[in-house]
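Read the structure below first, then the notes.
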Amino acid sequence: MNLPQSETVEHAKTADELEAVMSDRVEELDALIVGAGFAGLYQLDRLRDLGFSVQLFEAGKDLGGIWYWNCYPGARVDSDHLVYEFFREDLWWDWYYSERFPSWQELRRYFHYVDQKLDLSRDIRFNTRVTAAEFDDERRQWIVHADNGTVVRARFVVLCTGFASSPYIPSFEEGVENFAGEWHHTGLWPQGGLDFTGKRVGVIGTGASGVQVIQEASRQAAHLTVFQRTPVLALPMQQQRLTKEIAHQIKQKYATAVSRRGETFAGFHYDLIDKSALDVSPEERQAKYEELWEYGGFAPWLGTYYDLFFSKEANDLFYAFWRDKTRARINDPATAEKLAPTDPPHPFGVKRPSLEQFYFECFNQDNVELVDLCESPIERITPTGVKTMDGAEYPVDILVLATGFDAVTGGLTRIDIRGTQGLTLREKWADGVRTYLGMGTANYPNMFFVYGPESPTAFCNGPTCAELQGEWIVKCMEYMRQHGVTRIEATTEAEKAWRKQIDELTNASLFPLADSWYMGANIPGKVRQQLNYPGGLPRFFQQCSESAEKGYEGFVLS
Ligand code: FAD
């Protein structure tokens, strides 16, 4: 069984470490990168190529980021394969996934392929979790500590800790520690795997990971109990097996579109339609919805009429389409009402719409039971299963927590990073996250975030941001080196203005109408605010470029 990481990992500095830091025994780097997913690996390769002395610390035993940890049955990518890889010519054209939406196993093979081509591992220290960092203003360096006693000094720290590296486990009156069977969070799945065959399995949570694990468990488990709080408005994946020839043809067809992914709202090879759903005839709209449905993936979400995110009326039209399509697949009307309610539980698309292959059909099977937690929430986890408030008990052998993450900020705030005022990031952001361009925050000089808070992150395809946002940081560090600048820090004014822009964009949209992890609403006590930049990539990168062109306006360089 996996215990979650404590929220803030207290770092006990040993006498040896302290002595090392004070003396000159500590290794000095130009840059330390944290995290070996798409973002960190991109930084490592680029900075090393530019002649920076750089090392990458990774908590896991292998590279791949979330694909190292999220190896639960059914885990797979929801982005189309052709955008879910680095777009570097020599990598992109030589790699072919065997499925349109590849599995975690294939993702791992991909990362090993990248490692082999770019020889990244030689500069990665695995099993090295960064626990603390403090800034030495005199030497303009971060002193970084890891859980295995490693200490380094680095001019720059680039935090590529991902938006989903801090698994969230809800607390009940009595929690999972009470359970006598085996339990796992999907984001900390046992590397050796786990067989559901013939077992009674309970899955708490029906978000993206929940949908995937439920589908697999429904095929293997003797009995599967699904605990649902909010129905997931999942879209059809339209999975496809790909031969190398077909994958090559697809790449040829979309190479230009992929090269221009930064010009789309969410970094895909397609974009929102620059038209209101209300400005077209019902026939035209229906035909478009059908076309997007058939294409599959996120197309009905990120390739549809732009006002899905702004107009309740337009949103309701798509919800009705989704609901009718979905209900047609569910045999029992009462179950259908729970999975695809007559009225939308929230506007479509303001919570992440997962992709599914046969999710709704699972509930037609005799071995699958749906428990609606809106009717009766979980009271406690017992040694043998789950008990709900109405007194019902659901015995299970294996309990799966598909309960999500302290998303976007959790991977950062659980590190004891102290800025120039002595505050940790957790303390600084206690009343709300603040950054400039989602890449730097005041009082934390020479520290950059990729795919973190207040950048497009959850609204951006992962590798797209790793490359395009990551390149801005690389260029910034190169600029500093060329100009003899050794310190960069976001200004408080710039981060206030950035927050204001994010709030204005969010308030003009339907996002505030759902309790989503986008809004920090899945974690008790977390400030409710938009954690991502919701204005789309073109608008985001335009402002990043403008700042750079003006000598990194919004930052103080010295
Ligand atoms: P990650 O891949 O999350 O890597 C972060 C790494 O940092 C991890 O290896 C972690 O161990 C390491 N780390 C964290 N803290 C520390 C520390 N203190 N010290 C050392 N190492 C640390 N995005 C999409 O665009 N499309 C998808 O289809 C998609 N599917 C997803 C499915 C799942 C199940 C999950 C959880 C996420 C998915 N995402 C998807 C989002 C995903 O995070 C990004 O696609 C991508 O992996 C981001 O890469 P990254 O390098 O920023 O972070």
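The values are calculated or read from the model by the stated rules, or taken from the named source; none is laboratory data. Everything numeric in this text was worked out from a predicted model, so none of it was measured. Reconstructed Cβ throughout: ideal geometry from the backbone, glycine too, with neighbour counts over all protein chains shown. Heads up: the accessible areas ignore ligands, DNA and RNA and are worked out on the full protein's heavy atoms, side chains in. Shrake-Rupley method; radii C 1.70, N 1.55, O 1.52, S 1.80 Å.
At 0.36 nm per residue, minus the direct Cα-Cα distance, what do R539 and A287 gain on full extension? Give it in nm, one decimal, please. Don't skip to the end; give the middle numbers.
Details: separation 252, 0.36 × 252 = 90.72 nm, distance 2.99 nm.
So the extension gain works out to 87.7 nm.
Would you please give the FRET efficiency between D390 and R241, computed as 1/(1 + (r/R0)^6) with r the Cβ-Cβ distance and R0 = 45 Å, to the nearest 0.05?
On the way: r = 44 Å, r/R0 = 0.99.
Efficiency, from the Cβ-Cβ distance: 0.50.
Assuming 0.36 nm per residue, please report the length gained on full extension of the stretch D316 to K475 beyond their Cα-Cα distance.
Working: separation 159, 0.36 × 159 = 57.24 nm, distance 4.34 nm.
Net length gain for the segment: 52.9 nm.
May I ask for the angle, rounded to the nearest 10°, between helix 38-49 and the longest principal axis of the chain, with both axes built from Cα atoms and the value confined to 0 to 90°?
Here the helix axis deviates by roughly 30 degrees.
Against the longest alpha carbon principal axis of the chain, how many degrees, from 0 to 90 and to the nearest 10, is the axis of helix 492-507 turned?
Roughly 10 degrees, rounded to the nearest 10.
So how much slack lies between R25 and A497, counting 0.36 nm per residue of separation and subtracting their Cα-Cα distance, in nm? Walk me through the numbers before you get to the answer.
Details: separation 472, 0.36 × 472 = 169.92 nm, distance 4.18 nm.
Fully extending the segment from R25 to A497 adds 165.7 nm.
With each label point set 7 Å from Cα along the Cα-Cβ vector, what nm distance links N331 and A508?
4.9 nm
Hey, what number do you get for the chain at 222 nm if only DSSP H runs of n ≥ 4 count, each worth -39500 (n - 2.57), divided across all residues, to the nearest 500? Don't skip to the answer; put the middle values down first.
Working: 17 runs with 175 residues, N = 558.
After summing the helix terms and dividing by residue count, I get -9500 deg cm²/dmol.
For all pairs of alpha-carbon atoms in the stretch 440-531, what percent lies in each bin of width 10 Å, listed from the first bin to the last filled one?
15, 37, 35, 11, 2
Taking a 1.4 Å probe, which of T388, T420 shows the most accessible area, and what order do the others take after it? Don't jump to the answer; show the numbers that get you there.
On the way: T388 0, T420 55 Å².
Descending accessible area places them as T420, T388.
How long are the semi-axes of the ellipsoid equivalent to the stretch 403-480, from square roots of 5 times the Cα gyration tensor eigenvalues, in whole Å, largest first? Don't jump to the answer; show the numbers that get you there.
Working: eigenvalues 85, 66, 16 Å².
Three semi-axes, in Å: 21, 18, 9.
Send over a whole-number figure in Å² for the accessible area per residue of the chain, probe 1.4 Å. Could the numbers behind the result be given before it?
On the way: 21370 Å² over 558 residues.
So the chain comes to 38 Å² accessible per residue, rounded to a whole number.
Report the FRET efficiency, 1/(1 + (r/R0)^6), for H483 and H248, where r is their Cβ-Cβ distance and R0 is 41 Å, rounded to 0.05. Please list the in-between numbers first.
Values: r = 44 Å, r/R0 = 1.07.
Computed FRET efficiency for H483 and H248 comes out at 0.40.
What list of ³J(HN,Hα) values in whole Hz, one per residue of the stretch 88-100 in order, does the Karplus curve 6.51 cos²θ - 1.76 cosθ + 1.60 (θ = phi - 60°) give from phi, with Gly and Pro shown as x?
3, 3, 5, 8, 5, 6, 9, 10, 10, 6, 9, 9, 4
Beyond 21 Å, what percent of the Cα pairs of the stretch 120-190 remain?
Details: 1229 of 2485 pairs.
The proportion of pairs with Cα distances above 21 Å equals 49 percent.
Give me the angle, in degrees from 0 to 90, between the Cα long axis of helix 312-327 and the longest principal axis of the Cα atoms of the chain, rounded to the nearest 10.
The helix 312-327 is inclined about 60 degrees to the chain.
If I take R0 = 45 Å and measure r between the Cβ atoms of T230 and A257 in this structure, what FRET efficiency does the formula 1/(1 + (r/R0)^6) give, to the nearest 0.05?
Numbers: r = 33 Å, r/R0 = 0.74.
So the FRET efficiency works out to roughly 0.85.
Longer than 26 Å from Cα to Cα, which of K312/K496; K500/K550; K244/K325; K288/K351 are they? Say none if no pair is.
Values: K312/K496 29 Å; K500/K550 21 Å; K244/K325 33 Å; K288/K351 22 Å.
Long pairs (Cα-Cα over 26 Å): K312/K496; K244/K325.
Go through the stretch 287-298 residue by residue and turn each phi into a ³J(HN,Hα) via Karplus (6.51, -1.76, 1.60, θ = phi - 60°); whole Hz please, and just put x for glycine and proline.
So the Karplus estimates, Gly and Pro as x, are 5, 5, 4, 4, 4, 5, 4, 5, 5, x, x, 7 Hz.
Run through all the Cα pairs of the chain and give the fraction in each 20 Å bin from 0, expressed as whole percent.
21, 56, 23, 1
If you roll a 1.4 angstrom probe over the protein chains with everything in place, what fraction of the accessible area of the stretch 236-316 belongs to carbon and sulfur, to the nearest %?
On the way: 2050 of 4070 Å².
Exposed carbon and sulfur together represent 50 percent of the surface.
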